[in-house]
Amino acid sequence: GRIELALSLPIRRWELGVGIYLGVLLLALAGMTLAVSGFSLILFWKAEFATVAPFVGAISAALGFATVYSVMLLASVLIRSQALASGAGLALFIVSLATSDRTQVVTWFERGWPRDIASVVIAPLPRLQSLVTTAWDMASGTPDQLLPLAGITGGALLFAAACVTAACAVIGYRDY
């Protein structure tokens, strides 16, 4: 009855899809903000120094969750099974951790068309392990990490936007 109740609201279907996505992200971001802020304040008070590292970590965690949840939203409107949607999110998380180093993954395949197909398949996936590593380097003070972080962040946001757009299209055209 949840879908029927949501569809009975006086809003367009794509607004419903985007609203659900942004609402879940807002809740997750609020939880991360409270947890990181509270823990960081205690840690900063005890250690008597402050750093931006916990906040960079929270932002990268929120971005990682945004990409994983976008796939979960798309899977839930396609399949209508929360268990399979959770599995799709877990699968994306594992695959994107494994394929963050694209040059290494592509060498696992033979030269020629298998390697070309592998390159095309893993190209749109977000690079979550690279996001974590680059955010860690940036938070620990390693210079020149802003440009790689911007590219990885842009790719993750583009991937999430594509999945949410596809989910909104499915919600708009599907007869529930």
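Structure above, values below:
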{"item": "Test: residue in the range 41-52 that is charged (D, E, K, R) and either farther than 21 Å from Thr153 by Cα or exposed (fewer than 13 other Cβ atoms within 10 Å of the Cβ) (or both)", "result": "yes"}
{"item": "Test for Ser76: is it open to solvent by less than 80 Å² (accessible area, probe 1.4 Å), more than 23 Å from Arg12 (Cα to Cα) and either in a helix (DSSP H, G or I) or not acidic (Asp, Glu) (or both)", "result": "no"}
{"item": "Filter pass, Thr67 being more than 19 Å from Val164 (Cα to Cα) and of a type in the set (S, T, N, Q)", "result": "no"}
{"item": "Every residue from the range 88-116 that is assigned to a loop (DSSP other than H, G, I, E, B) and out of contact with any Pro (no Cβ under 9 Å at 6 or more places or on another chain)", "result": "Thr99, Asp101, Thr107, Trp108, Phe109, Glu110, Arg111, Gly112"}
{"item": "Checklist (1) in contact (Cβ under 8 Å) with a residue 60 or more places away in the chain; (2) touching a Leu at 6+ places or on another chain (Cβ under 6 Å); (3) open to solvent by 50 Å² or more (accessible area, probe 1.4 Å); (4) not basic (Lys, Arg) applied to Ser60, failing item", "result": "(3)"}
{"item": "Some residue of the range 95-108 being open to solvent by less than 80 Å² (accessible area, probe 1.4 Å), within 29 Å of Glu15 (Cβ to Cβ), at pLDDT below 90 and not acidic (Asp, Glu)", "result": "yes"}
{"item": "In the range 117-145, the residues that are under 24 Å from Ala160 (Cα atoms) and more than 23 Å from the chain's Cα centre (by Cα)", "result": "Ile117"}
{"item": "Among residues of the range 120-139, those that are out of contact with any Ser or Thr (no Cβ under 9 Å at 6 or more places or on another chain) and part of a loop (DSSP other than H, G, I, E, B), counted", "result": "2"}
{"item": "Residue identified as touching a Gly at 6+ places or on another chain (Cβ under 9 Å) and within 19 Å of Met138 (Cα to Cα) among Val36, Val56", "result": "Val36"}
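Yes/no per residue for (1) closer than 20 Å to Gly57 by Cα; (2) assigned to a loop (DSSP other than H, G, I, E, B); (3) open to solvent by less than 80 Å² (accessible area, probe 1.4 Å):
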site	(1), (2), (3)
Met72	no, no, yes
Ser86	no, no, yes
Ala118	no, no, yes
Leu147	yes, no, no
Gly155	yes, no, yes
Asp175	no, yes, no
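The values are calculated or read from the model by the stated rules, or taken from the named source; none is laboratory data. Since we're looking at a predicted model, the values are computed, not measured. As a convention, Cβ positions derive from the backbone with ideal geometry for all residues, glycine included, and neighbour counts pool all protein chains shown. These accessible areas exclude ligands, DNA and RNA; they are computed on the full protein's heavy atoms, side chains included. Shrake-Rupley method; radii C 1.70, N 1.55, O 1.52, S 1.80 Å.
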